[in-house]
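Structure record follows, encoded as structure tokens.
The values are calculated or read from the model by the stated rules, or taken from the named source; none is laboratory data. Since we're looking at a predicted model, the values are computed, not measured. Every residue, glycine among them, receives a Cβ derived from its backbone with ideal geometry; neighbour counts consider all protein chains shown. These area figures cover heavy atoms from the full protein model, side chains too; ligands, DNA and RNA do not enter into them. Shrake-Rupley method; radii C 1.70, N 1.55, O 1.52, S 1.80 Å.
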Amino acid sequence: MTSAKEYGKALFLLAEEDGTTAAIAEEMESVREILRENPRYEKLLDTPALSKEEKLLLIDRAFSSLSESLVNLMKILCEKHSVYQLPKIAGEYAALYDEARGIERV
């Protein structure tokens with residue numbers, strides 16, 4: 001099982017290559033907030049009651065405006081029944097983003 005730290009780092013490195021680190025940082029916070037406000041959605045994406053294809057279609061419909069890298073990460077997490085890790089991954093991404101910019105949170 002891949003850790004939230006590894007996923008966060010992989011997404012950050014992809015975003016650096018694409019020049020989208022700031023945009024994805026904002027998107028990650030939005031997704032984290034959406035999942036916090038709608039815990040049933042997270043469970044829906046992890047439930048075996050829906051087929052993988054149905055769940056991936058839900059992600060495409062709900063998050064079509066997000067960066068391709070972030071949507072793909074969400075799909076990977078969905079396939080691994082690990083959507084619950086997304087808030088931790090967002091935290092890891094934010095820490096890397098801050099570190100790269102010399103931002104220190106108090």
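How much of the accessible area of the chain, in percent, comes from carbon and sulfur atoms when a 1.4 Å probe is used? Summing carbon and sulfur atoms, their accessible area is 52 percent of the total for the chain. Here the chain is treated as a Stokes sphere of Kirkwood radius computed over C-alpha pairs; at 37 °C and 0.692 mPa s its diffusion coefficient rounds to 235 µm²/s. Taking 22 Å as R0, compute the FRET efficiency from the Cβ-Cβ separation of SER51 and ILE76 and round it to 0.05. In this case the efficiency is close to 0.85.
Backbone phi angles across region 87-95, fed through the Karplus curve with coefficients 6.51, -1.76 and 1.60 (θ = phi - 60°), yield HN-Hα couplings of x, 5, 4, 4, x, 5, 4, 4, 5 Hz in residue order; Gly and Pro are listed as x. Computed over the chain with a Gaussian network model linking Cα atoms closer than 10 Å, the most mobile of SER82, SER67, SER51 is SER51. Heavy atoms of the protein chains alone define the surface here; on that basis the chain has 62 Å² accessible area per residue at 1.4 Å probe size. The Cα atoms of region 36-77 cover 27, 24, 16 Å along the three principal axes, with the biggest extent listed first.
Region 50-106 and region 1-45 have Cα centres spaced 3 Å apart.
Estimated at the nearest 10 Å², the accessible area of ASP46 is 30 Å² with a 1.4 Å probe. Here GLU104 and ALA22 are evaluated by their C-beta separation; at R0 = 22 Å the FRET efficiency comes out at 0.80. Placing unit charges on the Cβ atoms of the charged side chains and taking the dipole of the chain about its Cα centre, the candidate lying farthest along the positive direction among SER64, ALA15, PRO48 is PRO48. Highest GNM mean-square fluctuation among ALA94, ALA25, ALA49, for the chain modelled with Cα contacts below 10 Å: ALA49.
The C-alpha atoms of the chain define a longest principal axis, and helix 68-79 lies at about 50 degrees to it.
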